[in-house]
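> One structure coming up, written as structure tokens, with questions to follow.
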Amino acid sequence: MFDNLTGKLQEVFKKLSKRGKLSEADVDEGLREVRLALLEADVNFKVVKEFLARVRVRAVGVEVSEALNPAQQVIKIVHEELLTTLGTAAPLDLSGPSPHVIMLVGLQGSGKTTTAAKLAVRLRSIGNRPLLVAADTYRPAAVAQLETLGKQLNVPVHSEGVGKAPPEICSNGLKKAREQAYSVVVLDTAGRLAIDDQMMAELEAIKQITKPNEVLLVSDAMTGQDAVRTAEEFHRRVGLTGLILTKVDGDARGGAAISIRSVTGVPIKFMGIGEKTDALEVFHPDRLASRILGMGDMLTLIEKAQENFDQDEAAKAAQKMMEARFDMEDFLQQLQQVKKLGPISGLLDMIPGLGGMKQQVDPQQAEAQMKRIEAIINSMTPDERHRPDILNGGRKRRIARGSGTTVQDVNQLLREFREMQKMMKQFSSGKGRGLANMFRGH
Amino acid sequence: MLERVKSIRDALTRTRQAAFGRVATLLGATEITPEFWDELEALLIQADLGVETTADILEKAKAHVKREGIIRTDALKSVLKAELRAMLVTAEPLDLTTDDLRVVLIVGTNGSGKTTSIAKLAAWFKGQGRSVLLAAADTFRAAAGDQLDVWADRAGVPVIGGQPGSDPGAIVYDALQAAQSRKVNVVLIDTAGRLHTKFNLMQELKKVRNVTAKAAAGAPHETWLVLDGTTGQNALAQAQQFKAAVEVTGVIITKLDGTAKGGMVFAVSHQLQLPIRFIATGEKLGDIALFDAAAFVDGLFE
């Protein structure tokens, strides 16, 4: 609903002149839309209130510049203020004598165990010797889960079944780390409610015994308004040093991150972005800010495009498209340029409004499809690429053999190519339907 | 049994006091002022009802106030109650007497509480005199099968599983064959958690559903989505996608024993016409209860 905040704000500010200062009334009207966007993104109600108050102070009286219209101006201030609130990415604190202890805490199902494994892999990749400690003796098979992950990843796990108290297990794990020269110990604690006094006391005990460098709250990006209360309580009881936001690969806007940041002041350290064990990403404040505002991640996409696209080639292709002289050779080059930008799924996420397309387009199939198209075009002669119309049955059979595909595949590509040419004519006449169909696969 | 009901009541009371208790206070016998509406909005949004649902409820309440000349907040109470209750879809009661096999497919995102809920459901159905068999079709998450085994043991119900990484469809098939030959009443199928945005994993889930449909007549009779009660507005997207993929017929709300309010159930139930079947609240087998819409809404104003 609020997928395009910029568009909404532009609507609000349409009646304003392009010059002059932003009045209180202008700003208030614009901020109403911002408020809705933030609430839709699950930013806590009170946090939104404080946030908007700060933005208001900055925005009222601001000179509307030549470069930006009022809507963009407000967005810019909101975006900057969001970045300030989110803070910068903070590295793990691995100072002092080793072994360093990293303690993971959080609610049930937030993703602690998976995150512990991902963190260990990451630590190993930067030259550490990690030891995982299975301190969740409550959830059935939580210990077995960590042991299995450890085996898969070849990371040692200290576990003592479920018979002992978690503080004791952590203490023994730390002892083992000292004796066997592990450099980092990652404690996987049980999920618990922040209001469960006994369970919170257990965390305090673990903290006291192991003196961790980091106490990281693992929080689900899909969390709603209650994120604030949970984070406050964990912070009050065990003193958090950072946050790991999980399940960021879904389509939740992740407003909880702002809420947690606001009430605890601790930095966001990592984001969990997938089912694979290397899917832990360093936190990018700008990406999250755009996402919370529902603006996609155009900045990254533009940057990537600038880095990777050959500007001259792109201009030439665009020219050809406009003139509908686009042939198979141009198509191949375009595909190769797009490939340089990274996986399709990543691209779809970054384009505002296209994130939802992932439900219709299977990124993996799309990539396989791209490979097939490349192989088919590569098996064509230059003449065939320029004039696909000359392809007869014999040529198609040869191309199919050469590319390891079938004549049906070749025919399908030709059909889609002709469709695309049609689309381009529409584009140049101002109407277009996007690339969705091209990558729909089979 | 009574004890269990009481503990769920206690847990939910905490939720109510945290959020809706304040609505009740707000709805004491005072006059309706502009500040009242602001505060009501704040409370509903903080209960995770979402911007749209909150605006909707407020608008309806205001219309009542205007039409019926309500001037005091306590009189608004029954109006708000009725509107909130009307948003929750009522389900046909579960048939707990049939001798025919009933298959329930349990789906949801990672960490929403599927496996724990299945254990509780198994105990619940058993308590209703039904024979139960579990299918451990989450072969992806490390030790998910072990987790279900432990629970099945506690609940005293058999479980059919397979090797980690094996085909979930094959396990479902085996489980349904076993259920039919053993004349079991209810089969609960545990599936791997998946984000609703993952195309491949949602396709896989469709496949599991198809296998279920082929392995037993009329199966799955129910497909329940497990929603984490602490989830915010994303719950609606989850429910939409899961419904589109595997024809979800009902919802189970978990983790309502904390301070989260679960207000997103209103939008989920209303917009997708999905009944809420159960509420789960804790870590014990008995921490589950049939969802009672009227009682749930009444409870908000206690």
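> Could you work out the equivalent-ellipsoid semi-axes for region A:39-150, taking the square root of 5 times each eigenvalue of the Cα gyration tensor, largest first, in whole Å?
43, 19, 12
> With the radius of gyration and the Kirkwood radius both derived from the Cα set of region B:102-248, what is their ratio Rg to Rh?
0.94
> Around B:Thr223, which amide H atoms from residues at least 5 apart in sequence, or from another chain, sit under 5 Å from its own amide H, with H modelled in the peptide plane?
B:Leu105, B:Thr249, B:Gly250
> Calculate, for B:Ala63 and A:Glu232, the FRET efficiency according to 1/(1 + (r/R0)^6) with r their C-beta to C-beta distance and R0 41 Å; round to the nearest 0.05.
0.65
> To continue, here is another question. Which net charge results when you count Lys and Arg as +1 and Asp and Glu as -1 among the other residues whose beta-carbon is under 10 Å from that of B:Ala136?
In short, -4.
> Then there's this: Once you have all Cα-Cα distances for region A:89-139, histogram them in 10 Å bins from zero and send the whole-percent values.
Taking all Cα pairs of region A:89-139, the binned fractions are 20, 54, 24, 2 percent.
> Extension gain B:Ala294-B:Gln180, at 0.36 nm per residue separation less the Cα-Cα distance, in nm?
37.4 nm
> Still on this model: Quote the Stokes-Einstein diffusion coefficient, in whole µm² s⁻¹, for region A:100-295, based on the Kirkwood radius over alpha carbon pairs, a temperature of 4 °C and a viscosity of 1.567 mPa s.
In µm²/s, the coefficient is 78.
> Hey, another quick one. With labels modelled as points extended 7 Å from the Cα through the Cβ direction, what inter-label distance (nm, one decimal) is found for A:Thr406 paired with A:Gln334?
2.7
> Which of the trypsin sites (Lys or Arg not before Pro) found in region A:179-278 are loop residues per DSSP with 15 or fewer other Cβ atoms within 10 Å of their Cβ?
Within region A:179-278, the qualifying trypsin sites (Lys or Arg not before Pro) (loop, at most 15 other Cβ atoms within 10 Å) are A:Lys276.
> Suppose R0 equals 56 Å; then what is the FRET efficiency for A:Lys211 and A:Arg395 from their Cβ-Cβ distance, rounded to the nearest 0.05?
For A:Lys211 and A:Arg395, the calculated efficiency is 0.15.
> How high is the relative contact order of chain B? Use alpha-carbon pairs under 8 Å, at least six apart in sequence, and give a whole percent.
27
> Using a basic spin-label model with each label point 7 Å from the Cα along Cα→Cβ, how many nm lie between B:Lys81 and A:Ala181?
Inter-label distance under the simple model: 7.1 nm.
> What 222 nm value per residue comes from the helices of chain B, counting each DSSP H run with n ≥ 4 as -39,500 (n - 2.57) and dividing by all residues, nearest 500 deg cm²/dmol? Display every interim value, and only then the final one.
Numbers: 12 runs with 154 residues, N = 302.
Helices in chain B give a 222 nm mean residue ellipticity of -16000 deg cm²/dmol.
> Now for a separate question. On average over all directions, what projected area in square nanometres does region A:172-220 have, based on the convex hull of its Cα atoms? All intermediate terms of the calculation are to be shown ahead of the outcome.
Values: hull surface 15.9 nm².
For region A:172-220, averaging the hull's shadow over all directions gives 4.0 nm².
> Rounded to a whole number, what is D in µm²/s for region B:17-174 from Stokes-Einstein with the Kirkwood radius over alpha-carbon pairs (20 °C, 1.002 mPa s)? If you can, show how the numbers build up before the last one.
Values: Rh = 19.6 Å.
Approximately 109 µm²/s, per Stokes-Einstein.
> Then there's this: For each pair in A:Lys269/B:Lys198; A:Lys207/B:Lys255; A:Lys49/B:Lys261; A:Lys118/B:Lys126; A:Lys118/B:Lys255; B:Lys126/B:Lys255, compute the distance between the two Cα atoms and list the pairs where it is over 29 Å.
Working: A:Lys269/B:Lys198 24 Å; A:Lys207/B:Lys255 26 Å; A:Lys49/B:Lys261 20 Å; A:Lys118/B:Lys126 39 Å; A:Lys118/B:Lys255 25 Å; B:Lys126/B:Lys255 22 Å.
Listed pairs above 29 Å: A:Lys118/B:Lys126.
> What is the Cα convex hull volume of chain B when expressed per residue in Å³?
It is 121 Å³ per residue.
> Between A:Ala89 and A:Arg124, take the C-beta separation as r, use R0 = 22 Å, and let me know the FRET efficiency to the nearest 0.05.
Calculated transfer efficiency: 0.60.
Quick note: the coordinates plus some simple rules give every number you see, no bench work behind them. These figures come from a predicted structure and were not determined experimentally. Methodologically, a virtual Cβ is constructed for each residue, glycine included, from the backbone with ideal geometry; neighbour enumeration extends over all protein chains shown.
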